[in-house]
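Here the structure is laid out as structure tokens; the discussion comes afterwards.
The values are calculated or read from the model by the stated rules, or taken from the named source; none is laboratory data. Fair warning: this is a prediction, and the values are worked out from it, not measured in the lab. Quick reminder, even Gly has a Cβ in these numbers, built from the backbone with ideal geometry, and neighbours come from all protein chains shown. These accessible areas exclude ligands, DNA and RNA; they are computed on the full protein's heavy atoms, side chains included. Shrake-Rupley method; radii C 1.70, N 1.55, O 1.52, S 1.80 Å.
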Amino acid sequence: MVCSVVALGRLAAHLVLGLVLVLTRPLASLSAALSCLLAGAMLFLRIVLLPYWRSVPPSEFRAWFAKHSGRIRSLMLPLGAASAAASVGATATRLVDRGDARASSVAAAGTVGVVGVTVAVNEPANRKFANEQLSDEETATLLARWALWHDVRVALGLVAGVAAVRALSDR
């Protein structure tokens with residue numbers, strides 16, 4: 001009986017290891033694709049939308065943001081969460097199969113950092129822009145803070161994307 005339990009345990013371990021080996025490359029590819037998409041979407045916000053937001057009067061910005069922020073959120077939140085999940089998963093499979101997990105770990109840290117900044121700083125500011133009665137001065141101050149932390153997210157996202165692509169060549 002003990003031998004069959006040990007044999008069953010070994011079989012389960014081999015099956016898990018086999019599954020990990022099968023998932024390593026697809027998860028690394030998914031991590032790279034999603035991390036790069038996330039970085040690109042954040043660059044779009046930084047290069048296109050942020051200058052527009054700064055160019056219009058604060059009251060017009062708040063009205064625009066209230067009207068369109070839901071669409072931005074419906075893209076960015078799932079993209080950030082999926083990117084972080086794929087990057088953490090890619091790192092986990094590398095570690096289980098004892099592969100080089102340095103680049104995938106950097107990608108995971110970067111995407112998790114993007115999510116952390118988003119949840120802690122940018123999303124609360126987004127809710128204020130869309131729902132609160134802010135003065136023009138309060139809007140400008142909050143937008144400057146939002147932009148600073150968005151730049152941190154962009155940097156983290158770019159590092160994550162590069163690292164995730166680099167992890168594709170790690171064996």
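Things to note:
- Local charge for GLY70 was computed over the other residues whose Cβ lies under 13 Å away, with Lys and Arg +1 and Asp and Glu -1, and equals +3.
- In whole percents, the pair-distance distribution calculated for region 35-171 from its alpha-carbon pairs, binned every 5 Å from zero, is 2, 11, 19, 21, 15, 11, 8, 6, 4, 2, 1, 0.
- The chain: most fluctuating residue of ALA120, ALA41, ALA107 per GNM, C-alpha cutoff 10 Å: ALA120
- Relative contact order for the chain: 37 percent, from Cα pairs under 8 Å spaced at least 6 residues apart, divided by residue count.
- Using alpha-carbon coordinates, inclination of helix 102-117 to the longest axis of the chain, degrees: 40 degrees
- When the solvent-accessible area of the chain is split by element, carbon and sulfur atoms take up 70 percent of it, the probe being 1.4 Å.
- With Cα atoms, 0 to 90° folded angle of helix 2-44 axis to the chain main axis: 20 degrees
- Rounded tilt (10° steps) of 58-96 against the dominant C-alpha axis of the chain: 10 degrees
- Normalised per residue, the accessible area of region 51-171 is 51 Å², obtained with a 1.4 Å probe and no contribution from ligands, DNA or RNA.
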